[in-house]
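The next block holds one structure in the form of structure tokens; read it before the comments.
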Amino acid sequence: MPCRIRVLSENTINQIAAGEVIESPASVVKELCENSIDAGSKKIVIEIQGGGLHLIRITDDGCGMGKDDALLCLEQHATSKIYEAKDLLSVKTMGFRGEALASIASISKLTLSTSEKEIGTRIEMEGGSIKSVSPYPRNQGTTIEVRHLFFNVPARKKFQKSPSGCSAEITKALTQLSLAYPYISFTLHQNDTLAFQFEKGESPLFIDNLKKRVADSLGEGMRSAVIAVDDQEGAFLLRGILGAPENTRHNRTGQYLFINQRAVISPLISFAIKDAYGTRIGSDRHPTYVLHINMPCELLDVNVHPQKKEVRIANEEWIRQSVRKVIQRHLDKSIQILLEKQAPIFSDFSLDEPAWEEPKKSLIERILPYECHLREEVQPVKAIELPMEDLAIYPIALWGNYLLMDPKGLNANICSPSDQGLCFVDIKSAKARVLFEKFLLSKVDPCHKQGLLFPLVVDVALYEAQHLLAMMPLLSAMGFSLSQSGPRSFLIDAIPAFFPENKGVDALLEILCQTISLDTEDQESLEIKKTRKIAGILCKYIQTHTMINSIQEATLIVKELLRCDSPNYCPQGNKIFAFVSNKYVAGLFISKDR
Ligand code: ADP
Ligand code: MG
């Protein structure tokens with residue numbers, strides 16, 4: 001039998017390794033910038049074209065390399081950062097495996113130009129093979145140019161996001177790196193346009209530089225109500241800023257955690273931080289923070305994840321308790337100060353302001369049987385102002401959020417038992433379903449916006465701002481009017497007509513968080529996915545905050561609901577109809593002891 005097993009060529013091995021380290025253009029940017037950071041750079045300039053798929057060029061003013069090192073660095077497992085396995089316990093650099101450059105070179109057309117002090121070197125590679133090596137005059141530092149990423153691994157290229165999705169990921173990766181290293185300047189050019197320039201922090205205090213970087217990259221929103229932490233607990237140093245309890249988000253997108261300046265995901269520490277906020281925030285909310293933890297390298301294993309996103313911490317319980325203790329201490333102290341500062345504002349409010357009154361209505365308005373016709377004095381909610389041919393349904397009463405009705409008016413679309421008895425309709429869920437389907441069919445009149453007297457301000461991170469900009473046409477079609485007022489700020493001057501005004505910013509942030517990760521090559525299905533997500537979020541808010549004031553309004557909603565494609569469930573998946581059978585009601589009147 002001929003031999004079936006083969007030792008793979010070095011290039012194939014590199015391409016396989018590249019699959020683990022290099023997922024996307026953003027991974028290339030991250031690895032190359034980390035190399036620049038390890039080389040002691042103070043200024044890093046990143047240029048990208050076509051979301052990084054056409055070109056990524058990174059220039060630094062670090063230590064540079066001589067010709068021999070420049071040739072060696074492109075080989076797999078070539079590193080200047082460790083010499084033997086025991087060095088892994090004391091890694092202070094971002095890289096240490098010596099595989100990033102070789103991996104990137106194997107799946108792109110890469111040019112390296114670098115210089116230590118004297119005349120520099122330029123090396124051209126294609127798919128992992130050296131094409132040319134030549135002397136090259138340049139200042140101290142290194143430039144690495146990566147063109148046509150994934151040109152020889154089409155399968156991987158196919159799974160890349162759209163260029164704008166890739167760009168947003170790159171901005172996000174750079175936001176993280178820039179928050180990890182506030183004393184390094186970062187500049188990003190996208191398709192020859194300056195996207196941002198974060199100047200390096202000049203203060204001797206890390207926390208001051210971090211605050212400035214946070215304002216530059218995440219926006220004033222994160223800075224305006226924050227609590228600065230600069231504390232030590234044993235061998236463990238905790239520095240950063242915590243969002244005030246009112247600055248929470250509904251997911252973890254506002255959390256940036258760094259351990260020994262490496263951006264990491266650590267459920268253990270995230271829980272400890274949330275724990276420290278205690279009941280100051282709702283159980284379904286997440287605090288925002290940019291937090292740096294420094295600890296002795298021996299307590300940390302950084303070699304557990306291909307992209308070094310996760311770390312293993314020795315003595316986890318001690319770390320957890322220390323984080324919680326330090327944060328709790330700062331929250332208690334700072335909230336006290338914040339409250340004292342805010343105290344005069346409270347005195348501006350008039351105590352005589354009339355209390356808001358719930359519209360008076362009897363618990364059960366008996367109208368039996370009731371053929372619904374709009375009465376003149378009843379104002380239907382704006383979203384259901386469409387003219388409707390008459391449809392007979394038999395409402396009995398409006399009872400809280402439920403319309404009690406005779407099921408005989410229901411059509412075949414409604415899943416109802418044969419012994420129908422009485423029917424309860426959850427009107428808030430019904431309204432959410434009606435609006436959800438209108439959103440999906442673009443039947444909500446785009447002019448049907450609710451102009452705001454005082455525009456709402458939303459402040460987001462830079463990479464989120466790019467995403468919001470791209471989403472503006474879709475948001476406008478769904479009732480929001482947005483304009484950009486700064487690199488990271490937006491003004492909302494209109495929201496969908498039937499939407500609770502005080503929830504405009506919350507909804508927009510939730511839309512942002514939930515749509516930013518959606519991205520596929522197919523723009524058409526992407527648009528549908530985003531529309532569904534936005535519609536779902538808007539309807540969730542409407543469902544929670546809507547008020548149903550009259551049986552006429554409720555009846556009109558049910559009539560609209562009966563025309564929906566999926567009238568049985570609300571967009572959150574809850575049932576809209578419930579039935580009480582005649583048999584059940586009869587059973588209530590039979591004494592058990594007879
Ligand atoms: P690692 O960072 O894990 O060592 P890399 O493949 O990323 O592996 O880089 C290999 C080596 O190339 C590094 O150890 C470093 O010595 C050198 N190197 C890479 N990029 C630069 C740079 N921008 N400036 C100076 N040296 C660099
Ligand atoms: Mg590296």
Report summary line: For R138, other-chain or 5+-apart residues with amide H closer than 5 Å (H placed, Pro excluded) are G120
Query raised in the report: For K117 and E199 in the same chain, what is the full-extension length gain: residue separation times 0.36 nm, less their Cα-Cα distance, in nm?
Result: 27.0 nm
Query - Distance histogram for region 10-198 (every C-alpha pair counted, 5 angstrom bins, percent rounded to whole numbers) - result: 1, 8, 17, 21, 22, 17, 10, 3, 0, 0
Requested in this report: Find which of T171, N191, A155 sits farthest along the positive direction of the dipole of region 148-247, computed with +1 on the beta-carbon of Lys and Arg, -1 on that of Asp and Glu, about the Cα centre.
Outcome: A155
Report summary line: Among K30/K529; K211/K325; K92/K131; K438/K540; K408/K575; K212/K325, the pairs whose Cα-Cα distance exceeds 24 Å are K30/K529; K92/K131; K212/K325
Query raised in the report: Sorted by mean Cβ packing within 10 Å, highest first, what order do the peptides 209-216, 469-476 take?
Result: 209-216, 469-476
Report task. Using a 10 Å cut-off on Cβ atoms, rank the peptides 103-112, 451-460, 290-299 from the highest mean neighbour count down. Result -> 103-112, 290-299, 451-460
**Report entry** Relative packing of peptides 278-285, 67-74 - highest average C-beta neighbours within 10 Å first
**Finding:** 67-74, 278-285
Query - In Å, descending, principal axis extents of the Cα set of region 231-271 - result: 33, 20, 17
Query raised in the report: For region 431-512, which trypsin sites (Lys or Arg not before Pro) are both in a DSSP coil and crowded by at most 14 other Cβ atoms within 10 Å?
Result: K443
Requested in this report: Specify the inter-centroid distance of region 570-590 and region 85-130, based on alpha-carbon positions, in whole Å.
Outcome: 68 Å
Query raised in the report: Based on the Cα gyration tensor of region 394-580, what are the three equivalent ellipsoid semi-axes, each the root of five times an eigenvalue, rounded to whole Å and given largest first?
Result: 35, 18, 12
Query raised in the report: What FRET efficiency comes out for the pair F151/S483, r = Cβ-Cβ distance, R0 = 30 Å, nearest 0.05?
Result: 0.15
**Report entry** Cα centroid separation, region 40-82 to region 136-198 (Å)
**Finding:** 12 Å
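Readers should treat all values here as calculations from the given coordinates under stated rules, not as data from a laboratory. Just so you know, these numbers come straight off a predicted model, no measurement behind them. Note: ideal-geometry Cβ built from the backbone for every residue, glycine included; neighbour counts use all protein chains shown.
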